[in-house]
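Take a look at the structure below.
Bear in mind that the values in this text are calculations on the coordinates, not laboratory data. Fair warning: this is a prediction, and the values are worked out from it, not measured in the lab. Here the Cβ positions follow ideal geometry from the backbone for every residue, glycine too, while neighbour counts run over all protein chains shown.
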Amino acid sequence: MSHLSSERLAELADGEPTVAEAEHLAACAICAAERSAHRRLLSMALDERDRIAPPLTEWSTLAAKLREQRIIADDYVAPSTVETGVVPIAKPRPHRRAWLVGLRVAAGLVFAVGFGALGRMSAGASVAPSGKEMTTLASRVFRGSAEKVMPSVFGDPTSPFSSVEDALATLETSQRNYDRAVAFIAAHDSTVQSPDAGDVFRTRLAALDEMAETSRQALSVAPADPVLNQYYLSTLGAREVTLRQLGSVLPPGTRLTRF
Amino acid sequence: MDQVLIQRAIEGDERALQALWSQHSPHIDAVIRRLVGDPDLAADVAQEVWIQIFRALPSYRGESQFGTWAHRIAVNRTLNALRRTRRIAKSEADIEDDTVAVEHDSERALLAASIEEAANRLSPGARTVFMMHDVEGYTHEEIARELGITPGGSKSQLFKARAKLRRLLAHVVDGLTPDTDPENVAPVF
């Protein structure tokens, strides 16, 4: 039997040979090697499926189109966590509430650590926070979260907010400013010039993914919680920016899958 | 988590829409990029795809993961966009046929560094079939339905595509250096 054609060998990457072909493949080292090469190619193609890439468009561009088509509702009102005029039949279980506070603290902690790392990288310092820094951050976040969830804060005469709606509107504005600030920092990040920028961005991306996961878990318990929504959306925004940065420093042809 | 975001997105909450986009665009946009090839066209198609995904949100029943559901829409809309573009390109090519010489096969010029780069040197039909079958996991029957061809035609395109890619990526597949002559490392029978 003569050698198998290149197209037939390509077919046999994931196909079964006839009896005659099988005999030939067992005896012919060239055809057997070619079939193996096609199997490796097929495996490479399968790996492509996990590939991720920076978004092809900017959110602001897409949002403008979505607004034109009324898919984004400009009059959308976010659900509030504080229901007025509704008396709950049963009080929330204390341990569940405590767990939620814990999740908020955890989300806040990873948030602070992650963005602290971002600042350190921009300043040319080490990415990993020291043990002492972690302790300080944890105590700050813990104190901050505890203050946020205590109902007494709403009655504080020194608070600049007159209502929950007022505070939520401020939070919304802050979120937008925060996103712009992160994008600006990313655009002026000196890390991009560094030879190991790819590693730095991968580390940042991994940290942001952990942060997003923690926020996601918390949100599954309290989906309308404005604080948790802030953390989650800010993390996703920073993730997108980092993904773009990583995409810009990778050599042409380099695949971006897991980091 | 996606369910909560999706409900808010259906109601028109920009934050929820942005969160869904931000979470899934690295995968969805990669699919679009693979199928389209040309980055500028891919960016245009991506906008169209995301608008369609968001418009179709109320029909999402949660029977599969949101990412899987969105992936199907992305492939479908991208193929529609490609068909439209190719129709226009074909009519333009028909007009310019006598005056423009087109180099159809740059295979001999250079080896490719990646599957994506190599696939860009396939004919549009072979490229689409290869990406849909070997990368996206569609069956020949599904491809035939999507592209309006026969399953046999899909198979034929796929095996030609694989054979050509094997030659273009010889240095990667065989672990040899890129400047090695492909004719010497990948026998063409």
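What is segment A:165-232 by shape, rounded, prolate or oblate, if you read a ≥ b ≥ c off the alpha carbon gyration tensor as root eigenvalues and call it rounded for a/c under 1.5, prolate for a/b larger than b/c, and oblate otherwise? It is oblate, given that a/c is not under 1.5 and a/b is not larger than b/c. Panel order for B:Glu146, A:Glu58, B:Glu141, by other beta carbons found within 10 Å of each beta carbon, from fewest to most: B:Glu141, A:Glu58, B:Glu146. Only Cα sites of segment A:6-48 enter the Debye sum here, all with the same form factor; the resulting log10 I(q)/I(0) across q = 0.21, 0.23, 0.26, 0.32 1/Å is -0.62, -0.73, -0.88, -1.16, listed in q order. Length available on full extension from A:Glu165 to A:Ser36: 0.36 nm per residue minus the Cα-Cα distance, which gives 40.0 nm. For segment A:170-180, backbone phi angles converted through the Karplus equation (6.51, -1.76, 1.60; θ = phi - 60°) give residue-by-residue couplings of 5, 4, 4, 5, 4, 4, 5, 5, 4, 4, 5 Hz, Gly and Pro being listed as x. If you take the Cα centroid of segment A:9-29 and the Cα centroid of segment A:161-210, the two points sit 55 Å apart. Across the alpha-carbon atoms of segment B:9-53, the computed radius of gyration and Dmax are 11.3, 34 angstrom.
The ranking of A:Thr57, A:Thr242, A:Thr170 from fewest to most other beta carbons within 10 Å of each one's beta carbon is A:Thr170, A:Thr57, A:Thr242. Under the combined filter of DSSP loop state and at most 14 neighbouring Cβ atoms within 10 Å, segment B:1-81 retains these trypsin sites (Lys or Arg not before Pro): B:Arg61. Measuring spread by the Cα atoms of segment B:27-73 yields a radius of gyration and Dmax of 11.2, 34 Å. Projected label points at A:Thr158 and A:Glu23, each 7 Å from Cα along the beta carbon direction, are separated by 9.4 nanometres.
Here the Karplus curve 6.51 cos²θ - 1.76 cosθ + 1.60, taken at θ = phi - 60°, turns the phi angles of segment B:117-134 into couplings of 5, 5, 5, 5, 9, 7, 5, x, x, 5, 4, 5, 4, 4, 4, 5, 7, 7 Hz, with x standing for Gly and Pro. The calculated FRET efficiency for the pair B:Ser123 and A:Ser174, based on their C-beta separation and a Förster distance of 45 Å, comes to about 0.30.
Using the Cβ of B:Ala16 as centre and a radius below 12 Å, the other residues enclosed give a net charge of -2, where K and R count +1 and D and E count -1.
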